[in-house]
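The values are calculated or read from the model by the stated rules, or taken from the named source; none is laboratory data. On a predicted model such as this, the values are computed, not experimentally measured, just so you know. Please note: Cβ atoms are built from the backbone with ideal geometry, for glycine as well, and neighbour counts cover all protein chains shown. To get the accessible areas, we keep the full protein, side chains included, count just its heavy atoms, and leave off ligands, DNA and RNA. Shrake-Rupley method; radii C 1.70, N 1.55, O 1.52, S 1.80 Å.
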Amino acid sequence: MVGANAIRGSRVGAGPMGEAERGEAAPRVTISYWCANGHETSPSFAVDASIGVPEFWDCPRCGFPAGQDPANPPAPVRVEPYKTHLAYVKERRTDADGEAILEEALTALRERGLVV
(Lines give C-alpha, C1' and ligand atoms only; values in the text may rest on other atoms or scores of the structure.)
Protein backbone atom coordinates (compact mmCIF):
# COMPACT_ATOMS: atom_id res chain seq x y z
CA MET A 1 0.00 0.00 0.00
CA VAL A 2 1.26 3.45 -0.88
CA GLY A 3 1.67 5.87 2.02
CA ALA A 4 -0.55 8.93 2.37
CA ASN A 5 2.42 11.21 1.62
CA ALA A 6 3.38 9.56 -1.67
CA ILE A 7 3.06 11.54 -4.87
CA ARG A 8 1.15 9.55 -7.44
CA GLY A 9 2.92 8.78 -10.68
CA SER A 10 6.42 9.26 -9.30
CA ARG A 11 9.12 6.84 -8.38
CA VAL A 12 12.12 7.01 -6.10
CA GLY A 13 14.90 8.91 -7.84
CA ALA A 14 12.58 10.56 -10.35
CA GLY A 15 13.53 14.16 -10.91
CA PRO A 16 12.66 16.94 -13.29
CA MET A 17 13.15 16.36 -16.97
CA GLY A 18 16.67 17.06 -18.10
CA GLU A 19 17.83 19.53 -20.71
CA ALA A 20 17.87 16.80 -23.36
CA GLU A 21 14.07 16.50 -23.15
CA ARG A 22 13.39 20.25 -22.88
CA GLY A 23 15.86 21.55 -25.42
CA GLU A 24 18.70 23.99 -24.94
CA ALA A 25 18.32 26.86 -22.49
CA ALA A 26 18.41 30.38 -23.92
CA PRO A 27 21.72 32.24 -23.49
CA ARG A 28 21.58 34.25 -20.26
CA VAL A 29 23.22 37.38 -18.88
CA THR A 30 23.42 38.13 -15.12
CA ILE A 31 22.98 41.76 -14.03
CA SER A 32 23.75 42.99 -10.49
CA TYR A 33 21.46 45.48 -8.73
CA TRP A 34 22.08 47.28 -5.40
CA CYS A 35 19.50 48.85 -3.07
CA ALA A 36 19.94 51.71 -0.57
CA ASN A 37 20.63 49.14 2.20
CA GLY A 38 23.60 47.76 0.25
CA HIS A 39 21.95 44.45 -0.64
CA GLU A 40 23.01 42.98 -3.96
CA THR A 41 20.76 40.83 -6.10
CA SER A 42 21.74 39.30 -9.43
CA PRO A 43 18.83 38.09 -11.57
CA SER A 44 19.57 36.58 -14.96
CA PHE A 45 17.88 37.59 -18.20
CA ALA A 46 17.73 36.08 -21.66
CA VAL A 47 20.31 37.74 -23.91
CA ASP A 48 17.81 38.21 -26.74
CA ALA A 49 14.83 39.28 -24.57
CA SER A 50 12.61 41.68 -26.47
CA ILE A 51 11.97 43.94 -23.45
CA GLY A 52 15.62 44.37 -22.53
CA VAL A 53 17.12 44.58 -19.06
CA PRO A 54 15.08 46.69 -16.59
CA GLU A 55 16.72 49.79 -15.13
CA PHE A 56 15.43 49.02 -11.61
CA TRP A 57 14.73 45.78 -9.72
CA ASP A 58 12.98 45.26 -6.37
CA CYS A 59 15.36 44.04 -3.67
CA PRO A 60 14.16 40.61 -2.50
CA ARG A 61 15.54 41.21 1.03
CA CYS A 62 14.08 44.63 1.92
CA GLY A 63 11.74 45.53 -0.95
CA PHE A 64 13.50 48.80 -1.78
CA PRO A 65 14.16 49.63 -5.43
CA ALA A 66 17.63 48.60 -6.61
CA GLY A 67 19.72 50.04 -9.44
CA GLN A 68 22.77 48.95 -11.40
CA ASP A 69 25.12 51.59 -9.91
CA PRO A 70 26.34 50.40 -6.47
CA ALA A 71 27.59 53.89 -5.57
CA ASN A 72 24.23 55.57 -6.33
CA PRO A 73 21.33 53.23 -5.53
CA PRO A 74 17.81 54.64 -6.01
CA ALA A 75 16.18 56.27 -3.00
CA PRO A 76 13.55 54.25 -1.15
CA VAL A 77 9.97 55.05 -2.10
CA ARG A 78 8.21 57.20 0.49
CA VAL A 79 5.04 55.48 1.66
CA GLU A 80 2.20 57.82 2.49
CA PRO A 81 0.22 56.81 5.58
CA TYR A 82 -3.40 55.76 5.12
CA LYS A 83 -5.82 58.69 5.29
CA THR A 84 -9.42 58.45 6.39
CA HIS A 85 -12.28 60.17 4.57
CA LEU A 86 -12.37 62.76 7.36
CA ALA A 87 -8.68 63.58 6.83
CA TYR A 88 -9.32 64.27 3.13
CA VAL A 89 -12.33 66.44 3.99
CA LYS A 90 -10.27 68.43 6.49
CA GLU A 91 -7.70 69.11 3.76
CA ARG A 92 -10.40 70.70 1.57
CA ARG A 93 -12.56 72.46 4.19
CA THR A 94 -11.86 74.89 6.99
CA ASP A 95 -13.56 74.73 10.40
CA ALA A 96 -15.73 77.68 9.35
CA ASP A 97 -16.84 75.79 6.23
CA GLY A 98 -17.76 72.82 8.41
CA GLU A 99 -19.78 74.96 10.81
CA ALA A 100 -21.67 76.56 7.89
CA ILE A 101 -22.49 73.17 6.33
CA LEU A 102 -23.61 71.77 9.70
CA GLU A 103 -25.86 74.76 10.38
CA GLU A 104 -27.40 74.49 6.89
CA ALA A 105 -28.16 70.79 7.42
CA LEU A 106 -29.64 71.40 10.89
CA THR A 107 -31.85 74.21 9.54
CA ALA A 108 -33.18 71.90 6.80
CA LEU A 109 -33.94 69.19 9.39
CA ARG A 110 -35.66 71.70 11.72
CA GLU A 111 -37.90 72.86 8.85
CA ARG A 112 -39.01 69.27 8.30
CA GLY A 113 -39.64 68.87 12.04
CA LEU A 114 -37.06 66.11 12.40
CA VAL A 115 -34.81 68.01 14.84
CA VAL A 116 -35.90 70.19 17.75
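Take ARG93: with every protein chain present and a 1.4 Å probe, its accessible area is about 120 Å².
Rounded to two decimals, what is Rg over Rh for the range 23-116 when you use alpha-carbon atoms and the Kirkwood radius? Please report the intermediate quantities before stating the final value.
Numbers: Rg = 27.4 Å, Rh = 18.5 Å.
A ratio of 1.48.
Residues CYS35, CYS62 ordered from highest to lowest accessible area at a 1.4 Å probe: CYS62, CYS35. Given R₀ = 41 Å, what would the calculated FRET efficiency be for LEU109 paired with GLU80, taking r from the Cβ atoms and rounding to 0.05? Efficiency, rounded to the nearest 0.05: 0.65. Annotation: amide H-H contacts under 5 Å for ASP58 (H modelled 1.01 Å from N, sequence separation of 5 or more, or interchain): ALA66. Using R0 = 35 Å, the C-beta based FRET efficiency linking GLU55 and ARG93 works out to 0.25.
Residue ranking by accessible heavy-atom surface, 1.4 Å probe, largest first, among PHE64, PHE56, PHE45 comes out as PHE56, PHE64, PHE45.
Taking loop as defined by DSSP and a crowding limit of 10 other beta carbons within 10 Å, which GluC sites (Glu not before Pro) in the range 51-116 fit?
On the way: sites: GLU55, GLU91, GLU99, GLU103, GLU104, GLU111; in loops: GLU55.
Here the GluC sites (Glu not before Pro) that fit, given the DSSP loop and packing criteria, are GLU55.
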